[in-house]
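As structure tokens, the structure follows; a few thoughts come after it.
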Amino acid sequence: MECFVKNIILLLIWVYFVSCGGSSNRTAAGLWDDAQKYRTEDRLKESITSFKTILDKYPSDNFAAEAQFQIADIYLNDVKDFDFAVKEFKTVVDLYPNHEVAKKSLFMIAYIYNNYLNAYSDAIITYKLFRNKYPNDELIPSVEYELDGLKEIQSTIDSLNSIVNKKTNI
């Protein structure tokens with residue numbers, strides 16, 4: 001009987017390590033699924049951890065760029081930490097410049113500057129950068145709309161810069 005109990009305990013330990021402790025052997029796709037599930041359950045810390053595990057273990061995988069984008073999106077839409085969201089979107093642009101999410105990230109940076117941080121000069125610069133890099137993108141009408149809304153602010157910024165330049169030249 002004692003041998004039987006030991007075998008059951010060993011079996012339970014083995015099952016635990018295979019099912020629960022096996023996260024270190026998870027594929028990028030498995031970690032992605034976990035992260036998405038955690039996010040829908042509003043378990044944001046676990047979601048970010050799973051996305052970061054993808055970044056650490058599979059930095060060249062297609063899921064890596066998507067994972068970095070999702071981290072930024074969590075900080076933007078769930079946590080509402082706009083400064084940190086900008087930082088995370090910039091990481092996407094820097095690390096994955098040729099991936100589709102880099103384009104979305106650049107747009108989101110400008111959008112956050114304009115609509116959440118009131119960093120209008122940064123928004124204008126970033127929208128113009130987007131327009132120059134991706135002139136035929138489907139987001140161009142949105143970029144033009146945002147820049148159109150910033151024209152009056154751009155005029156004020158230009159006037160203030162002109163005053164500052166005149167004072168420094170005296």
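The values are calculated or read from the model by the stated rules, or taken from the named source; none is laboratory data. All of these numbers come straight from a predicted model, not from anything done at the bench. Virtual Cβ from ideal backbone geometry, glycine too; neighbours counted across all protein chains shown. Please note that ligands, DNA and RNA were not included when accessible areas were found on the heavy atoms of the full protein model with its side chains. Shrake-Rupley method; radii C 1.70, N 1.55, O 1.52, S 1.80 Å.
Structure summary
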read-out	value
In region 144-156, residue modelled with the lowest pLDDT [restricted to those that are in contact with a helix residue (DSSP H, G or I) (Cβ under 7 Å, 6 or more places away or on another chain) and within 13 Å of LYS128 (Cβ to Cβ)]	GLN154
Residue that is surrounded by the most Cβ atoms within 10 Å (Cβ to Cβ) [pool: residues in region 29-48 that are closer than 14 Å to ASP73 by Cβ and aliphatic (A, V, I, L, M)]	ALA35
Residue list for region 80-95, restricted to those being more than 9 Å from the chain's Cα centre (by Cα) and either acidic (Asp, Glu) or part of a helix (DSSP H, G or I) (or both)	ASP81, PHE82, ASP83, PHE84, VAL93, ASP94, LEU95
Selection status of TYR75, out of contact with any Lys or Arg (no Cβ under 9 Å at 6 or more places or on another chain), open to solvent by 30 Å² or more (accessible area, probe 1.4 Å), closer than 30 Å to LYS37 by Cβ and hydroxyl-bearing (Ser, Thr, Tyr)	no
Residue in region 55-64 that is within 23 Å of ILE124 (Cα to Cα) and either without any contact (Cβ under 8 Å) to a residue 24 or more places away in the chain or not charged (D, E, K, R) (or both) present	no
Residue in region 118-129 that is among the basic types (Lys, Arg), open to solvent by 80 Å² or more (accessible area, probe 1.4 Å), at pLDDT below 95 and farther than 26 Å from ALA64 by Cα present	no
Out of PHE51, PHE4, PHE63, sole residue that is modelled with pLDDT of 95 or more and open to solvent by 60 Å² or more (accessible area, probe 1.4 Å)	PHE63
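Results for (1) farther than 20 Å from LYS128 by Cα; (2) without any contact (Cβ under 8 Å) to a residue 12 or more places away in the chain; (3) of a type outside the set (A, V, I, L, M, F, W, C); (4) part of a helix (DSSP H, G or I), shown as yes or no for each residue.
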{"residue": "ARG39", "(1), (2), (3), (4)": "yes, no, yes, yes"}
{"residue": "LYS45", "(1), (2), (3), (4)": "yes, yes, yes, yes"}
{"residue": "LYS52", "(1), (2), (3), (4)": "yes, no, yes, yes"}
{"residue": "GLU66", "(1), (2), (3), (4)": "yes, no, yes, yes"}
{"residue": "ALA72", "(1), (2), (3), (4)": "yes, no, no, yes"}
{"residue": "ASP78", "(1), (2), (3), (4)": "yes, no, yes, yes"}
{"residue": "PRO97", "(1), (2), (3), (4)": "no, yes, yes, no"}
{"residue": "ALA102", "(1), (2), (3), (4)": "no, no, no, yes"}
{"residue": "SER105", "(1), (2), (3), (4)": "no, no, yes, yes"}
